[in-house]
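Presented below is the structure to which this report refers.
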Amino acid sequence: MSEHFNLQEHIAKGVERIVADTLKATLRDPRGSAFMVKFGAAAARATRRRLNLEGEGLHVPSFLIASITSACNLHCAGCYSRCNAATVDAEPVKQLSAEEWTAVFREAEDLGVSFILLAGGEPLLRRDVIEAAGNMKNLLFPIFTNGTYMDDAFFALLDRCRNLVPVLSIEGDREITDARRGAGVYDRLIAAMDRLHKKNLLYGASITVTTENIQRVTSPQFVEQLVKRGCKLVIFIEFVPVTEESRELAPGDGERACLLSATQSLRQAFPELIALAFPGDERADEGCMAAGRGFFHINSHGGAEPCPFSPYSDVNVLEAGVRGALKSPLFMALRDGGVLDNDHVGGCVLYEQRDTVEKLLGEEKA
């Protein structure tokens, strides 16, 4: 890593930019803007807290990903969570309760985390957890949802708790979306987006980018339709192949370069839209941001994992807490051993280096 690269400063500026962009995106919504002003102040305090802990030898990321359930009503083609058996059709067992998740979120807030991404499975199946999150006004909770459980009660919750921001998963047009997610899903997504727009609620869209849909979903025409429906955030997520059969869907270096260029162009074309690419150009960030470097993942049972795409854990937050998870031997080995800095073919270094991750975990348990 370059001696001139300050990771904590890099992340802090990134958080400030996200808050500023989000505030700009909500200027036509006085209630949303009022919340973002308060959240911006809370995020600044969180940044100072992280910097103080950095000086004490504890690196705290500003982002946390929490998969609050292993249940889902859809069977999306190529779903990494189902391929890793993290999402199943059986009734979930031994998952964290709403009270336990609340304790995790509170500790994360105390350490300086500002953003907690709620995922699954389908997170809206855990309405109890989401309602608890809504009461934590110093944290912003993007909720990555398939959009099929957005009922009247959920819309009322969003209106009451502006720190809850639904991010709807869509693959492109009706044909592409329904082919991956199931018949009728696209129409339900569009209906939800239109209702969010009518109620002046902040929301985003999550788009899994593959070699098949990249040209369509990064086109100004497609994104313009989302913007007209009130979408303020678009996150392009590179498809990560968790099976060898799906490798041809993973963007290569050429597609990744096109995605980066398209994202930059979209920011200029739609200045009120927050356009992000994940994992984006990791080389520019001097390595993968997983394993607590920029974020980490907690699965539905409390296991702390480097990333949702790297489902390996050596510590549980129920026993070690968030602070203990950040000091996980596996996380420290990944960060200090240079694994996150390694060059790789696709968008996910930990997928490419999964044999190394498994070896590190095996050595620790031996």
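The values are calculated or read from the model by the stated rules, or taken from the named source; none is laboratory data. Since we're looking at a predicted model, the values are computed, not measured. Here the Cβ positions follow ideal geometry from the backbone for every residue, glycine too, while neighbour counts run over all protein chains shown. Heads up: the accessible areas ignore ligands, DNA and RNA and are worked out on the full protein's heavy atoms, side chains in. Shrake-Rupley method; radii C 1.70, N 1.55, O 1.52, S 1.80 Å.
Counting only helical runs of four or more DSSP H residues, what would the 222 nm mean residue ellipticity of the chain come to if each run contributes -39,500 (n - 2.57) and the total is spread over all its residues?
Working: 15 runs with 166 residues, N = 366.
Result for the chain: -14000 deg cm²/dmol, rounded to the nearest 500.
Could the peptides 53-62, 108-117 be put in order, highest first, of the mean number of other beta-carbon atoms found within 10 Å of their residues?
108-117, 53-62
Could you point to the residue in THR102, CYS161, GLY184 farthest towards the positive end of segment 65-187's charge dipole, with +1 and -1 charges on the Cβ of Lys/Arg and Asp/Glu respectively?
Result: THR102.
By a straight-distance test (C-alpha under 26 Å), which lysines pair with LYS137 as possible cross-link partners, with residues fewer than eight away in the same chain excluded?
Candidates past the 8-residue exclusion: LYS13, LYS24, LYS38, LYS198, LYS199, LYS232.
How far apart, in nanometres, would the label points at ALA20 and ARG106 be if each is projected 7 angstrom from Cα along the Cα-to-Cβ direction?
A separation of 3.5 nm, rounded to one decimal place.
Apply the a/c threshold of 1.5 to the C-alpha gyration tensor of segment 108-183 and tell me whether it is rounded, prolate or oblate.
Because a/c hits 1.5 or more and a/b exceeds b/c, segment 108-183 counts as prolate.
Return a whole-number percent for the relative contact order of the chain, with Cα pairs under 8 Å and 6 or more residues apart as the contact set.
Rounded, it is 17 percent for the chain.
Each label point is 7 Å from the Cα along the Cα-to-Cβ direction; what then is the distance between the points at ALA77 and LYS198, in nm?
3.2 nm
Please name whichever of THR47, ALA34, VAL15 sits farthest to the positive end of the charge dipole of segment 14-56, dipole taken about the Cα centre and charges placed at Cβ: Lys and Arg +1, Asp and Glu -1.
After comparing all options, I get ALA34.
What does the charge count near LYS24 come to, summing +1 for each Lys or Arg and -1 for each Asp or Glu among other residues with Cβ under 13 Å from its Cβ?
0
Which residue fluctuates the most in the chain, going by a Gaussian network model with Cα springs under 10 Å, if the choices are ALA66, ALA291, ALA269?
ALA269
In terms of modelled amide H atoms, which long-range or inter-chain residues lie less than 5 Å from the amide H of ASN73?
For ASN73, whose amide H was placed from the backbone, the distant partners under 5 Å are GLU122.
Give me the distance between the Cα centres of segment 124-141 and segment 23-93, rounded to whole Å.
10 Å
What is the calculated FRET efficiency for GLU319 to THR356, with r their C-beta to C-beta distance and R₀ = 25 Å, to the nearest 0.05?
Efficiency, rounded to the nearest 0.05: 0.45.
Per the Debye formula with a single identical scatterer at each Cα and no solvent contribution, what log10 I(q)/I(0) holds for the chain at q = 0.14 Å⁻¹?
-1.29
Which trypsin sites (Lys or Arg not before Pro) from segment 91-195 combine a DSSP loop assignment with at most 16 other Cβ atoms within 10 Å?
On the way: sites: LYS94, ARG106, ARG126, ARG127, LYS137, ARG160, ARG162, ARG174, ARG180, ARG181, ARG188, ARG195; in loops: LYS94, ARG126, LYS137, ARG162.
Here the sparse-neighbourhood loop sites are LYS94, LYS137.
5 Å is the cut-off here: which amide hydrogens, built 1.01 Å from N in the peptide plane, fall below it relative to ILE274, excluding neighbours closer than 5 in sequence?
LEU233, VAL234
Quick one: which residues, 5+ away or cross-chain, put their amide H under 5 Å from the amide H of HIS59? H built at 1.01 Å from N.
Correct list: empty.
Lys and Arg at +1, Asp and Glu at -1: add these up for the other residues within a Cβ distance under 10 Å of ALA71 and post the number. If you can, show how the numbers build up before the last one.
Numbers: positive: ARG126; negative: ASP89, GLU91, GLU122.
Every neighbour counted, the sum reads -2.
For the chain, report the accessible area per residue in Å² (1.4 Å probe, heavy atoms, rounded to an integer).
The answer is 43 Å² per residue.
Could you calculate the FRET efficiency of ASP159 with ASN138 from 1/(1 + (r/R0)^6), where r is the beta carbon distance between them and R0 is 25 Å, rounded to 0.05?
For ASP159 and ASN138, the calculated efficiency is 0.80.
Quick one: Cα convex hull volume of segment 155-196, Å³ per residue?
70 Å³
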